[in-house]
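Remarks on the structure that follows.
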Amino acid sequence: VQCWRSRILAMDPGFKKELQQQRLGALVPLLEELGVQSAEDLADVEDEDLVNAGVADIQRRRFGRFKADLLASELPGSPSSLRLPEKKAASTGGSFSPAARRPEAPAAQSNAMQQKVASSNGGLQVQELQMLVAEVTSAVHALEQHGPTQGAADTWRDDLRKSLNKASDKLQEVRDKARGLQPGSLASTSPEVHSEIAALNAFISVFSSSLSQKLTSKLDHFHNEVLKNSVPKDVGQDTMRQQLERLEDQVHSLQTENRHLSSVVGSRNSKAVVHSHCDEFISNHTPVAHPAPSEATLVENTLLFLPQAAVRAFDLEPNMDDKGDPKRELWFGRVWELRALLHEHKMHKKRRNKEVALSDEAREQLSKNLMRAMRNEKTRALLSKLGARWKGAATRKRDNLKVLEELRWCSLRGTCIYAHGSGGCSWDNFRICRMMAKVGVLVIAPDGFAYPDTTAMGKMRHKDITPLKKTTDSVDYWAGDLLYKSDASGSQTYSTKADAVLQEPEHWREFYENCYRMRRDELHFIMKRLPVWVKSQGFFIGGTSEGAMTVARFDDQRYGRQVIGRFINSFGIEYCYFTPTPEAGRLGGQRDVPTLNIIGTKDQFFGAEDSVAKIVAEDPKTGYGSHDLTGHGYKTMVKQGVDVGLVCLLEDGVHSPCNTHDNFLRELFHAFFTRPGSIWQLHELWQNDELLKDMVRLEKTTAKPDSLASMKVTLLFVPTSPYPIKMSQREMAKLYQDAMNGDRSCQIRMAAHFEEEKKHIEDERADIKKSLETVRQQSSGVGGRGFSEKQPVKMPTAYDRLPKGKPEATLKKRDSLRA
């Protein structure tokens, strides 16, 4: 689209001359590619566009000042009348004082700027918006005037906090007004509404420029100079550091609100495309005419995690971000929610295009014609058959994923069928799906807990689900549960506390087998209903905990080359208390599918150091499970002859690996979904990256340098990260660069994060130790009653049901079954 626009659009010669006068002539080709023809298009250009194009920092600042002053000079006039003030042209290249940076209007416009812009929504006080921007900008620059002293720092911090509070309230007010503007109605409304849109766009542009150019650098200056050099440790340096972090969080929140406002306004403006990829996006606030299905099927309740490309293809309003993202670009929800939003959007277009429904008179006439036709027996039979076919088609439509056909042309990185753990798609399950969506993978996760409690499946497993998340709802990355609002109930639910699971081992072994059959059928049900383009391109399968056990045992041979990779997280692929027989502790699928196994050294359920599986297996009388427990799947992969496999053993990792190795998992999934066939040599792929090469250490591998052997399985040890886990990858890379440049202040920032994470990890390990001690007391080695060795009842197979009277016929039928 950008190439097409650059060919047919030409920048206004007068505007191009103004750019050259401001020493910005080098940006003319880039601006033309971005679709800038005149001053009114400047609101569409962001600092991110210039950064991605490699524009130097000095030119970006100069361009920011030029854009801010140009757009603020003649609010609320028509965008085509915006021009650079003459007094600005002579001083654009120099330094600016706080007063010079305030957006001022020409004297001739002062009367107009003191008036409200009339509209159907009450108008906006444009002067108030300008003064607010000036106030925030002035508070940011006040530190330069006062110098890095204790009193001045306190004054600057208080002024900035007050200004940010006002700005946050004003942004909320402006957003509410922008939402009131009806999309598509601007072409036929009065010029006053166009003026209000111009005022909104100008406010957004100036405010974004004020925040992005100076605020972050001044916060860093406050931290490095004031906090480090001017504030003694004995006067509350920790308190000031916490205040600074709250300010940074407030600034980040304000920037996010401002970006969302840009999206809302851009979608209401037929001329502007500020942060908007379409003329009108589908908002998550859209009132849906049809509520949640009373008896929703597995497909309807399946969770979707859409990457950015898919969100743009559906024109959805993003409702989720990833860790450290400055804005929301992803979307998650259920299949029925996506269908409802798309249906409401379609009906809205019909109403806008005046495609009205049938009138009451027309409906009455159709009813009379139908009743007249039903008097004929032959016609009545045909209509009854037609109704049955229609009902059957509607039922089949509920149980397919054709709603995803639109994503065929999105160039997604891949599709993953994800199986959640025994508690549903929350905690680490949700975080892992979030990671995959950020990488560009479409995640389809059947939710076994979303069945209504009145259905047969709901009586086996059920949790009350939360409604679709809106853009304004909190979706914090480290939140525990964003999908459910009740505890689990049903006959097939169980507590993951080891003491509760092992109270009756004989019962639980058979219980786990039933859970596996149920989860296996869920995967088959979803895979059969995937769109044709997904089956053609291939898909990944993966899971965590109970879902990982299901993926490990899952027989995917019927899908052949459609399966292009599998990952098994937080399960050791070994015979243990979680698998009823030794055969169930092996891989059940194709051996030529690249396989990734992730597990921590201190996994409290399947680890080799101190876990439920180890305690049960070591019971001297009635224990069961492998006595040679390794805590990972390397031995199983080698024994079964897997072609390509990688096992990542996480140092000090527990059953929830995101708490200790979150950033490693991101890089790992990025490599796995990009190059699954080469995942066995991950340590070699990362060797040239200074930040990644120390994340893994080779333990052993079956691949030999000069060998042509087909089996390539590798075991990598993953040390704990030297960086705080809650830091994003961008922050981690910046810290690494600062440390390489000799900046010691990064150690101070890291220490505060480490202290917070340390307490959380210690609390989690204390709970794990208490749970394992309860299990250990049940062992017969310390006087307990031990664990049962009873084998589960063997289910009859097709061979067991063969006739026994005729041996020759039996053998022939057996051979035909095998064939």
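The values are calculated or read from the model by the stated rules, or taken from the named source; none is laboratory data. Computed from a prediction, not measured in an experiment: that's the story for all the values here. Backbone-built Cβ (ideal geometry, glycine too); neighbour counts: all protein chains shown. When the accessible area is computed, the model is the full protein with side chains, heavy atoms only, and any ligands, DNA or RNA have been set aside. Shrake-Rupley method; radii C 1.70, N 1.55, O 1.52, S 1.80 Å.
Given axes a ≥ b ≥ c from the Cα gyration tensor, I'd like to know whether the range 620-772 is rounded (a/c under 1.5), prolate (a/b larger than b/c) or oblate. Oblate shape, in that a/c is at least 1.5 and b/c is the bigger or equal ratio.
First select every other residue whose beta carbon is under 11 angstrom from the beta carbon of Phe571; then total the charges, Lys and Arg +1, Asp and Glu -1. Here the charged neighbours net out to -2. In terms of its alpha-carbon gyration tensor, the range 382-517 comes out oblate; a/c meets the 1.5 threshold, while b/c is at least as large as a/b. Accessible surface comparison of His627, His462, His507, probe 1.4 Å, protein chains only, largest first: the order is His627, His507, His462. Each peptide among 28-39, 693-704 gets the average number of other Cβ atoms lying within 10 Å of its residues, and from highest to lowest they stand as 28-39, 693-704.
Could you list, in their original order, any pairs among Lys438/Lys614; Lys602/Lys770; Lys346/Lys469; Lys438/Lys463 whose Cα atoms are separated by more than 25 Å? With Cα atoms farther than 25 Å apart: Lys438/Lys614; Lys438/Lys463.
Here the accessible area of the range 365-479 is 56 percent carbon and sulfur, with a 1.4 angstrom probe and all protein chains present.
From the Cα gyration tensor of the range 562-658, with a ≥ b ≥ c the square roots of its eigenvalues, which class applies: rounded if a/c is under 1.5, or else prolate if a/b is larger than b/c, or else oblate? Oblate, because a/c is 1.5 or more while a/b does not exceed b/c.
Reported to the nearest whole Å, the Cα centre-to-centre distance from the range 29-62 to the range 444-463 is 50. Label-to-label distance, Trp409 versus Ala309, with points set 7 angstrom from Cα along the beta-carbon direction: 1.4 nm.
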